[in-house]
Amino acid sequence: MTKPAPNTSEKYDLGFANWVYENVNGGDKLGLCMQCGVCSGSCPIGEQMDHGPRKLFMMIRAGMKDEVLSSNTMWNCTSCYRCVVRCPRSVPVTYILQDLAAKSVELGYAKPNENSKFSNSFWWSAKTFGRTDERLVTAKYYFSFGVVEGVKRGLDNLKIAWGMIKTGRMHLTMPHQIKDKAGLKAILAKAAEIEERESKS
Amino acid sequence: MPQGGPKSQTILVVGGGIAGITAAIEAAETGYDVVLLEKSPSLGGRVTKFNRYFPKLCHPTCGLEINYQRIKKNPRVKLMTMCEVTGIAGAKGDYTVSVKRTPRFVNDKCTACGDCKDVSDTAVANAYNYGLDKVKGAYLPHEHAFPMRYVIAPEAIAAGEGDKLKAACKYGAIEPDQKEETFDLNAGAIIWTTGWKPYDAAKLDTYAYNESPDIINNVEMERLAAHDGPTGGKILRPSDNEPAKKVALIQCAGSRDNNHLAYCSRICCLGSLKHAAYVREQYEDAQVDIYYIDIRAHDKLEAFHAKIKNDPQVHFIKSKPGHIKIGEDGRPLVCGERTIDREIYEEPYDLVVLATGMQPSAVKGYKPEVGVMEDEYGFLVPKANGAADGEGIFSAGVASGPLDVSMSVQSATAAALRAIQAVRGS
Ligand SMILES: Cc1cc2nc3c(=O)[nH]c(=O)nc-3n(C[C@H](O)[C@H](O)[C@H](O)COP(=O)(O)OP(=O)(O)OC[C@H]3O[C@@H](n4cnc5c(N)ncnc54)[C@H](O)[C@@H]3O)c2cc1C
Ligand code: SF4
Ligand code: SF4
């Protein structure tokens with residue numbers, strides 16, 4: 001991946017749109033967007049996003065690099081794919097948001113926030129056990145805010161946890177793990193290797 | 001072309017909407033014999049079903065009536081209704097066209113007195129009003145029908161009403177024994193003017209067309225506003241017949257959308273501007289919200305756009321709604337994002353009108369395979385080498401692309417000229 005032109009002092013970076021077209025997965029389709037609003041208007045959590053996909057795409061075109069890469073829009077996306085299904089121009093909205101999130105981490109824009117912390121906890125569990133375990137993901141996520149906050153969040157949600165245990169949605173036994181953890185490790189290593197290679201080419 | 005010039009100088013026009021009528025009259029008044037084939041029982045096509053025409057908002061009969069007079073006066077035009085083409089063989093100058101005629105059960109002695117209607121006990125969906133109401137099994141297609149002749153619905157014959165209807169007619173016009181017929185016609189050139197149908201709103205599953213009677217399409221809106229429509233011209237909410245005073249008009253409902261019709265239908269923006277005018281004329285205190293991506297009022301029609309925009313009770317909201325839900329009170333809720341200020345909205349309406357686009361009728365059923373070809377959307381366009389290959393089949397009106405009435409008429413005149421050149425062998 002080549003870095004976007006480093007003129008961070010400017011509010012509008014005119015090379016940014018091109019950089020997104022060339023470097024972000026699905027970014028080459030951004031030129032098709034006609035700013036109709038269907039994606040943001042269809043998003044189940046559109047109101048929680050600072051900009052929403054449509055406006056974010058306009059900001060990319062306008063070259064608002066810093067605002068785009070530090071936006072919460074991509075972090076709040078739940079990958080429900082409603083926008084992708086409905087977009088009249090077949091813009092792969094979800095893919096673009098996912099990769100923008102990755103790019104904002106790589107380029108150091110993403111401040112640790114609720115979403116990135118949750119994402120990290122989720123990934124940690126998946127990578128370590130080959131499965132996600134509700135208790136471990138939640139605990140890791142809560143305590144990533146510090147011990148005091150971790151305990152507080154844990155206590156606040158005790159009722160929900162108890163409800164989940166009662167209905168069999170959460171277990172008290174040992175975490176489920178996959179059998180071939182070494183195999184998983186090899187797959188992930190290979191994927192990382194491919195990603196590394198492709199980002200260089 | 002056959003040796004020694006064309007064998008037939010007759011021009012066949014398929015489809016009797018405004019484009020077909022124009023092509024037929026233009027060719028006939030220039031001195032050529034014309035056969036005008038129409039699938040339905042009367043002429044005029046979609047235009048007859050409008051309340052008013054943009055941009056001047058005059059009544060469609062103004063334009064149609066004069067054309068019917070010209071057809072009546074011109075012995076060169078032979079009109080055949082309830083006929084469809086099922087096959088074309090031969091080449092320019094000598095086509096043999098197979099035609100299927102569906103029975104009308106009424107001959108040309110009919111005076112449209114209506115005595116048959118009075119005795120019919122069957123009720124069938126009223127095609128003129130897009131099925132929004134019913135007519136008797138013996139019916140006149142509509143009050144300005146041309147030819148002005150009754151039709152007996154096959155349902156009435158199936159219900160055994162034939163003899164009763166026949167007895168009621170004092171002119172001997174009813175023939176319950178008519179059967180479907182097939183026959184051949186000879187023509188030197190063919191003009192294809194089969195027009196359009198509204199894109200099926202039920203396919204827009206996020207817009208809940210089938211979930212509420214108060215979500216309608218734009219051709220139904222024309223009928224709701226028309227004096228001879230299902231509500232006698234009052235724009236009422238279909239669910240409870242209360243005045244529809246808060247109305248949403250949704251542009252590009254299925255148009256410019258890769259999941260539906262990828263093209264701009266060109267007239268539905270103007271159609272909705274017209275619908276805003278209908279609502280505002282009826283209700284002093286009405287609110288009309290037009291949801292749009294961009295308003296496409298082409299060339300001279302921009303003035304009409306500007307006029308409607310001046311009305312403070314018509315709001316232009318730049319947004320393609322994401323979906324329409326049914327609220328707890330049963331009213332449709334239009335949901336989306338206003339793109340100017342990024343407000344997420346969820347707005348209730350009395351009536352929601354989906355501005356569906358025009359889809360060529362030719363996407364279904366028989367269509368010619370020479371002379372013209374289907375483009376990627378199903379419109380029939382000239383083949384690159386059609387005329388050069390000596391083919392004499394041409395298209396016009398909305399069969400050839402999304403056109404308004406004046407553009408359809410222009411294209412029909414152009415097609416008539418090409419057809420004349422074809423049958424003259426020049
Ligand atoms: C909501 C709406 C509002 C509109 N309002 C306006 C307006 O105000 N002003 C304006 O200028 N334009 C308006 N238009 C556009 C207008 O409807 C078209 O320009 C016009 O109908 C084109 O006429 P046509 O003859 O090409 O097609 P049509 O009107 O569709 O006529 C085609 C004819 O062919 C017949 N037919 C179909 N298939 C066959 C077949 N296989 N064999 C034999 N016959 C067949 C049909 O029965 C019909 O009679 C509007 C469109 C919409 C959607
Ligand atoms: S739905 Fe598609 S075309 Fe519309 S604003 Fe979103 S990305 Fe752009
Ligand atoms: S005319 Fe207007 S409503 Fe119709 S497809 Fe074009 S832009 Fe959309």
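The values are calculated or read from the model by the stated rules, or taken from the named source; none is laboratory data. Since we're looking at a predicted model, the values are computed, not measured. Every residue, glycine among them, receives a Cβ derived from its backbone with ideal geometry; neighbour counts consider all protein chains shown. All accessible areas refer to the heavy atoms of the entire protein, side chains included, with ligands and DNA or RNA removed. Shrake-Rupley method; radii C 1.70, N 1.55, O 1.52, S 1.80 Å.
Things worth noting here:
- Calculated [θ] (222 nm, deg cm²/dmol) that DSSP helices of n ≥ 4 give over chain A, each run adding -39,500 (n - 2.57): -17000 deg cm²/dmol
- Placing a pseudo-label 7 Å from each Cα along the Cα-to-Cβ vector at residue B:313 and residue A:90 gives an inter-label distance of 4.4 nm.
- Dividing the summed -39500 (n - 2.57) terms of all DSSP H runs of n ≥ 4 by the residue count of chain B sets its mean residue ellipticity at 222 nm at -6500 deg cm²/dmol.
- Stretch in chain A that is longest and holds no chymotrypsin sites (Phe, Trp or Tyr not before Pro) that DSSP places in a loop and that have at most 14 other beta carbons within 10 Å: A:13-80
- With Cα atoms, 0 to 90° folded angle of helix A:147-156 axis to chain A main axis: 80
- Once the 1.4 Å probe is applied to the protein heavy atoms, the range A:114-200 comes out at 76 Å² accessible per residue.
- Phi to ³J(HN,Hα) by Karplus 6.51 cos²θ - 1.76 cosθ + 1.60 over the range B:297-313, Hz, x for Gly, Pro: 9, 6, 5, 5, 7, 4, 5, 5, 4, 4, 5, 5, 5, 6, 7, x, 8
- Signed unit charges on C-beta, dipole axis of the range A:16-106, positive-most listed residue A:72, A:35, A:62: A:35
- Convex hull (Cα only) mean projected area of the range A:42-201, reported in nm² to one decimal: 12.5
- The range A:39-44 - phi-based ³J(HN,Hα) in whole Hz, Karplus 6.51/-1.76/1.60, Gly and Pro as x: 5, 5, x, 9, 5, x
- Structural descriptor for chain B: relative contact order 20 percent, calculated from alpha carbon pairs under 8 angstrom and at least 6 residues apart.
- Set the Cα radius of gyration of the range B:83-157 against 2.2 N^0.38 Å, with N its number of residues, and you get 1.41.
- Simple rule: put +1 on each Lys or Arg Cβ and -1 on each Asp or Glu Cβ in the range A:114-200, find the dipole, and look at A:187, A:173, A:118; the Cα lying farthest toward the positive end is A:173.
- Cα pair count fraction exceeding 25 Å, expressed as % - the range B:200-356: 23
- Computed from Cα atoms alone, the Kirkwood hydrodynamic radius reported for the range A:114-200 is 14.8 Å.
- Count Lys and Arg as plus one, Asp and Glu as minus one, and take only other residues whose Cβ is under 12 Å from that of residue B:225; the net charge is then +2.
- Kirkwood Rh and Cα Rg combined as Rg/Rh, the protein assembly as shown: 1.10
- When the P(r) is computed for the range B:180-288, the part past 19 Å accounts for 55% of the Cα-Cα pairs.
- Estimated Rh, the range A:16-106: Kirkwood, alpha-carbon pairs, angstrom: 12.6
- In terms of Cα atoms, the Rg and Dmax of the range B:133-216 work out to 19.3, 53 Å.
- For the range A:16-106, the solvent-accessible area of protein heavy atoms averages 37 Å² per residue (probe radius 1.4 Å; ligands and nucleic acids excluded).
- Solution diffusion estimate, µm²/s, Stokes-Einstein, the range B:115-168, Kirkwood Rh from C-alpha pairs, 37 °C, viscosity 0.692 mPa s: 292
- Restraint check, B:39/B:179; A:117/A:181; B:274/B:307; B:117/B:170; B:72/B:197, Cα-Cα greater than 20 Å: A:117/A:181; B:72/B:197
- For the range B:76-186, with +1 on Lys and Arg beta carbons and -1 on Asp and Glu, the positive-most of B:147, B:158, B:113 along the dipole: B:147
- Carbon plus sulfur fraction of accessible area for the range A:62-177, probe 1.4 Å, in percent: 61
- Unsatisfied cross-links (Cα-Cα over 22 Å) in the set B:134/B:234; B:109/B:136; A:11/A:111; A:29/A:190: A:29/A:190
- Chain A: most fluctuating residue of A:188, A:56, A:172 per GNM, C-alpha cutoff 10 Å: A:172
- Convex hull volume per residue in cubic angstrom - Cα atoms of the range B:52-111: 184
- Largest GNM mean-square fluctuation among B:328, B:220, B:242, using chain B with Cα springs under 10 Å: B:328.
- Here is the tail figure for the range B:1-151: Cα pairs spaced more than 18 Å apart come to 64 percent of all pairs.
- Near the amide H of residue B:259, within less than 5 Å, lie no amide hydrogens of residues on another chain or at least 5 residues away, with H placed in the peptide plane.
- The Cβ shell under 9 Å around residue B:181 holds other residues with a net charge of +2, Lys and Arg each +1, Asp and Glu each -1.
- Accessible surface buried at the A:B interface totals approximately 1500 Å², computed with a 1.4 Å probe on protein heavy atoms.
- Semi-axes of the equivalent ellipsoid for the range B:290-356, computed as √(5λ) from the eigenvalues of its C-alpha gyration tensor and ordered from largest down, come to 25, 14, 11 Å.
- Sulfur and carbon atoms: percent of accessible area, the range B:70-201 [1.4 Å]: 50
- The residues of the range B:318-366 listed by number as losing at least 30 Å² of accessible area in the complex, against the isolated chain and with a 1.4 Å probe, are B:320, B:322, B:323, B:337, B:339, B:342, B:344.
- Average accessible area per residue (Å²) across chain B - probe 1.4 Å, nucleic acids and ligands excluded: 42
- Shape call, chain B: gyration tensor on alpha carbons, a/c limit 1.5: oblate
- Charge sum, other residues only, whose C-beta stays under 11 Å from residue B:44's C-beta, Lys/Arg counted +1 and Asp/Glu -1: 0
- Computed over the range B:173-216, Kirkwood Rh from alpha-carbon pairs, angstrom: 15.9
- The base-10 log of I(q)/I(0) for the range B:1-52, evaluated at q = 0.14, 0.30 Å⁻¹, reads -0.44, -1.09 [Debye formula, identical scatterers on Cα atoms, solvent excluded].
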